[in-house]
Structure formats: structure tokens, C-alpha cells
Amino acid sequence: MQQRYLGSTGLKVSRLGLGTMTWGRDTDEHEARDQLVKFVEAGGTLLDTAAGYANGDSERVIGSLLGDVVPREEIVLATKAGIGRLRGERETNASRGYLLSSLDASLKRLGVDHVDLWQVHTWVEDAPLEETLSALDHAVSTGRTSYVGISNYSGWQSAQAATWQRAVPGRAVLASNQVEYSLLARGCEAEVVPAAQALGLGVLPWSPLGRGVLTGKYRTGTPADSRAASPHFSSFVGRHLNERSERIVEALVRAGEGLGWTPLEVALAWVRDRPGVTAPIVGARTAEQLKAVLLVEECELPPEIVAALDDVSSPVSAPGEAG
């Protein structure tokens, strides 16, 4: 798998990342092991998780596999902090104390002394930005992480944070912004992507397959084993089940038929090679699904297909949920 630099940093990552949002909940340790092995065998390096995924169980599963299944040094390990659950309710917190304690808990669950990339999971309105960013500085200076980034920040939020970090020598420069980006969610192209390109942040798209809709699996209904049928993800996927998505999926099917590709390969190749993108983060339910995803490494879309997909998907600005 080809490697790309993350933004303007010297950190190289595979141009596809493996997402683990369901690990420890819908994906058990045995299935996670199979996915990780296939990913690394294909040359993948970027493994993405978060403290809030499955209430920390995603990180625990990863911790049980690192060193045993794959060598730690072959993985670019990325996690996030700032979203969790308090007494069963979703909580966002970007205070310095919360972020650093969350990072320490992540390191313990992962069984490592540092991560390669640590990201603030979401913008929090009532947290002073300079306090949030000081946690990133402290994490780097104390060796808890090598690089830092942000996630789900808008264009102006990204620019403000990145400029603050570049204003004084010694601060930890932001490496990335992880945002929803796919043929169904192109709102980030208006301001987020230009801000990232101007300030040296690599864009890491989450849900690059439109929360699974762009695979074409929902063309004739909702499969019983799909995320849309899951109590955890029914509303998450449902946001992208509409007439517009139907038009885009049909365009993917037609393009795939002409190229001899699946709709998944067409959709993923499109977002992978967009300006400013470093690596889409792809989650799979099974190792067989992941195997199909990894085939996109051999795919490169002809310019005329890119133009047709650009046209049919015409950008719609709509902020997504944190992923």
C-alpha cells in the first residue's frame, strides 16, 4: 500500500486507515485480529481508535493484539479524546485536565507508553481553546504522543487552532483534521479542506463510504446484518438514506460496471484521491469486508469518471456527527 505524509509533517501513513469504532462491541477480538492481520499484510499502517469507542473497549482490544499479532513498530497508532459517556449520557469535554487524564487511560488500555497521533475528538464550545491546545503541547513534551491533531473542527475552528499553534515556537504543530468526507458528505470542501491545505494539516476522512450507503448494500432494502439494522447505528446510517444518495449510488453502480469495479471501490478511490486527503479511515464488520476494501489500492479513477461523480454529488454543506 502506498504511503503518504500526514500534512506537512514527516509522519508517513498508509493511504488507507483502519477504523475500529465497533471493536469491542459489534466486532469481537477474534474478528478484530483477522482484520488487523489482513490490513498489515496489505501494507496498511494507520490504525485509528478513540477513548470513546465502545467506552474504551476498542482500545482494550487493540492493546490485546499489539505486540502479539503485529509488532507495535509496524503500526501508526492514532487515538482521540474529548468524547465519552458520563452516567450513560454522551459527554464532550476538551479541558486540559480531562484530555490528559483521558490520554493516560488510553495508554493504559492500549498497553503502550505513547501513541503516534493523538487528536481532540471534537470542538467544545465552552472550553477555552488555548487550554485545549496546551494539553496537546504537554502530551508531546512529555512523550505521550509524537504528533497531535484535531477532529470534526470546522474551517474557522481549524484555522484558529492551527494558527495558534504556529504562533509561538515550541508549540506542537497540528498534523491533521479528521472529518466526515464522502460523495454523500462534501460540506468540508468549502472551508475545512482549504484551511487544512493552507496550514499543513492532512485530512483524514471518516465514513468515506457514506456510513456504508455507498457500497450499494441498501439499494433494495436494509439487510438484517447491516449497520442500518443495528440499534447502535440505525439513525447514524439513516441520515444518508434519501433520494440524493440513491442517485449517487446508481451513478457509482454505472461507473463500476464500466470499469469492472464495485461501487465501494469507485467511492473509496474518489475520496482517497481528493485534494488535501491523506488517508480515509475505513471500518469493516468482517475481515472479508475489509479484504474487499483493500482491493481499492489497485484502483485509480479516470478523470472523466471523477468529473461525473463530482457533478452528480454536488456539494451539500451539512455537519456530521463525531466519528
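Since every read-out is calculated from the coordinates, none of them should be taken as a lab result. Owing to the predicted nature of the structure, the values given are computational and were not obtained by experimental measurement. Please note: Cβ atoms are built from the backbone with ideal geometry, for glycine as well, and neighbour counts cover all protein chains shown.
Values computed for the structure shown
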read-out	value
Relative contact order computed over the chain (Cα-Cα under 8 Å; 6+ residues apart), in percent	19 percent
Choice from Ala127, Ala284, Ala135 showing the highest fluctuation, given a GNM over the chain with Cα pairs closer than 10 Å	Ala127
Cβ-based exposure ranking for Cys299, Cys188, in which fewest neighbours within 10 Å come first	Cys299, Cys188
Footprinting exposure proxy for Arg186, Arg247 (fewest neighbouring C-beta atoms within 10 Å first)	Arg247, Arg186
Surrounding net charge for Gly63, when Lys and Arg each add one and Asp and Glu each subtract one, Cβ distance under 13 Å	0
Relative contact order, percent, the stretch 46-118 [alpha-carbon distance under 8 Å, six or more residues apart]	39 percent
Value at 222 nm in deg cm²/dmol, rounded to 500, when DSSP H runs of n ≥ 4 in the chain each add -39,500 (n - 2.57)	-11500 deg cm²/dmol
Total lysine pairs under 22 Å (Cα atoms) in the chain, excluding pairs fewer than 8 apart on one chain	5
Residue exposure sequence - Leu201, Leu184 - by fewest surrounding Cβ within 10 Å	Leu184, Leu201
Residue among Gln165, Gln119, Gln289 with the largest mean-square fluctuation in a Gaussian network model of the chain, springs linking Cα atoms under 10 Å	Gln289
